[in-house]
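The values are calculated or read from the model by the stated rules, or taken from the named source; none is laboratory data. What you are looking at is a predicted structure, and each value in this text was computed from that prediction instead of being measured. Virtual Cβ from ideal backbone geometry, glycine too; neighbours counted across all protein chains shown. The protein model used for the area step is the full one, side chains on, heavy atoms only, and it has no ligands, DNA or RNA in it. Shrake-Rupley method; radii C 1.70, N 1.55, O 1.52, S 1.80 Å.
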Amino acid sequence: SSGINAECEFPEELENARFIAEYVEYDGNRAGLYQCLDGTRYYSDVYDRIQCGASSTGCEKRTYCPAMIENGYLMREWEWNSEYEQEYTYIGEYRCHPGFELRNPQIFSSSEQDYEDKYGWGACGRSRNENVDPENLPRCVEPGSPEPCNMPEKILNGYRVEEIKNEMYDIVEQARYRCNSGYMMSETWKGDIGWCRSDRTFELPYCMDPKEWHTVEFELVSGFSKMENAGRVRARHNYADGSSGDWYAGCDDHFNGPAAGAICRSMGFRHGKQVTADKKMKPIEDIPFGMTNVFCYHDDTLMMSPSCNGDEYGQMGWPLCAPEEQIAIQCFDDMWKVDVGFKMVQRSGKMFCPTQVMKEGNMMKLKNMDVHVKWGGVHLGRDGYYETKYFEEGVQYNSKGRF
């Protein structure tokens, strides 16, 4: 031990590195083992060894892409050349830690297969010394988290006045807009609010000259049909000066469910669907066709949305429509709703659970649906959490009271 150099100390921290352990080399000299920090490397290793008395390690930033992102890490990187711009950049391939979901930046067009294979891409520039724009890196988020939106500052003849955050995830996903002076707004079903969808498209209000502005008013004509909130559809235009056009019907050529939803939302409902008119829902009499090829690409709009289409009926080349082809829809608020009641008969001591199931506005017949109801109760356990217990079938239970 007399040959070991004991005249130096190894600092706990050096630039880009922290002290891990000390050991004695075969020649009797002391050495320190350091771990590289902040994504730096000693060539391809994350550790470096220094001799007693050395003031720095070989831990340097050797990648162009950050070695770590929040809840994820860099797998590899490579140089990418653009033959059009005659420039190059470095692309990083990333992975997320288990339990997190990958989201690629907007600059990359990622396929569903990329996400299934968990490929994340980052554009890291051409300099090791410059910080990479976070917008150019993938993100690792909790499954089901919504995407942050860069809500447009301007709309047609209008501008953004307020960004609205999703409080649960603390990200902007909506915005409020206002028209430039002298213009009138064509609203979304949320009024002056626009939003972004999970597919990165936007639904935005827009502003028009009052001379061109109009809304579309819809009415359901049910005839003698007993379908609730259903009927043939008639429509007319309402203008900025308070006047209205004549009523007309729409032809159901290319009509779809999202368009039915758009019509129903304009009448105060949340959803809608196309239906086949029954015999009692006869065509509206003495009304011309006004529109055809009515359809929408998204099921969260009004008919005035840019994502909806309607062509004027009677244009050259469009097929003619018979009265039986008038659009027919049904409107409703709940896609799926279950109501379970409770009844007790004093004479027999029997209990009943009458159950009603509504699907898309219609009462379902449960007789042949193999629906079962469990009896049970909820009580507060000793640990402070609520527990649910069900009665077991075939077991006799004694009553502790009367009803």
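Restricting the range 224-283 to residues that are more than 33 Å from the chain's Cα centre (by Cα) and polar (S, T, N, Q), the residue that is modelled with the lowest pLDDT is Ser225.
Checking each residue in the range 224-245 for being touching a residue at least 40 places away in the same chain (Cβ under 8 Å) and among the acidic types (Asp, Glu) picks out only Glu228. Being touching a residue at least 60 places away in the same chain (Cβ under 8 Å), over 29 Å from Lys61 (Cα atoms) and of a type outside the set (S, T, N, Q) holds for only one residue in Glu163, Glu203, and it is Glu203. Cβ separations smaller than 7 Å between residues 6+ apart or across chains give the following pairs from the range 300-311 residues that are closer than 19 Å to Arg270 by Cα to residues that are polar (S, T, N, Q) and modelled with pLDDT under 95: Thr301/Ser307. Residue under question is His298, and the condition is that it be under 30 Å from Met208 (Cα atoms) and over 31 Å from the mean Cα position of the chain (by Cα); does it hold? So His298 fails the test.
Residue-wise test of (1) modelled with pLDDT of 85 or more; (2) of a type outside the set (Gly, Ala, Ser).
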site: Gln86; (1), (2): no, yes
site: Glu93; (1), (2): yes, yes
site: Gln106; (1), (2): no, yes
site: Ala123; (1), (2): yes, no
site: Asn129; (1), (2): no, yes
site: Leu137; (1), (2): yes, yes
site: Pro146; (1), (2): no, yes
site: Pro152; (1), (2): yes, yes
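Annotation: of all residues in the range 166-193 being in contact (Cβ under 8 Å) with a residue 60 or more places away in the chain and open to solvent by 80 Å² or more (accessible area, probe 1.4 Å), the one that is nearest to Met304 (Cα to Cα) is Glu187.
Is at least one residue of the range 286-299 free of Cβ contacts under 8 Å to residues at least 12 places away in the same chain and closer than 18 Å to Glu325 by Cα? Looking through the range 286-299, at least one residue is free of Cβ contacts under 8 Å to residues at least 12 places away in the same chain and closer than 18 Å to Glu325 by Cα.
Listed by first and then second residue, the pairs linking a residue in the range 249-266 that is under 14 Å from Ala235 (Cα atoms) to a residue that is open to solvent by 30 Å² or more (accessible area, probe 1.4 Å) and basic (Lys, Arg), with Cβ atoms under 6 Å apart and 6 or more places separating them unless they lie on different chains, are Ala249/Arg234; Ala260/Lys273.
Taking each residue of the range 101-120 that is of a type in the set (Asp, Glu) and looking for partners that are modelled with pLDDT of 75 or more and in a loop (DSSP other than H, G, I, E, B) with beta-carbon atoms closer than 8 Å, six or more apart or interchain, yields Glu101/Glu142; Glu101/Pro143; Glu101/Gly144; Glu101/Ser145; Asp114/Asn104. Can you report the number of residues in the range 304-340 which are of a type outside the set (Phe, Trp, Tyr) and within 22 Å of the chain's Cα centre (by Cα)? Qualifying residue count, the range 304-340: 7.
Quickly run through the range 259-304 and pick out the residues that are in contact with a Ser or Thr (Cβ under 6 Å, 6 or more places away or on another chain) and β-branched (Val, Ile, Thr). Matches in the range 259-304: Thr301 only. Answer yes or no: is there a residue in the range 2-10 that is in a strand (DSSP E or B) and modelled with pLDDT of 85 or more. So far as the range 2-10 goes, no, none of its residues is in a strand (DSSP E or B) and modelled with pLDDT of 85 or more. How about the range 310-329: which of its residues are at pLDDT 95 or above and among the polar types (S, T, N, Q)? If the condition is that a residue be at pLDDT 95 or above and among the polar types (S, T, N, Q), then Gln326 is the only one that fits. Picking from residues in the range 194-222 that are open to solvent by less than 50 Å² (accessible area, probe 1.4 Å) and within 23 Å of Ile171 (Cα to Cα), the one that is nearest to the chain's Cα centre (by Cα) is Arg197. Answer with yes or no whether Val132 is assigned to a strand (DSSP E or B) and either over 21 Å from Thr301 (Cβ atoms) or without any contact (Cβ under 8 Å) to a residue 40 or more places away in the chain (or both). No; evaluated as a whole, the condition is false for this residue.
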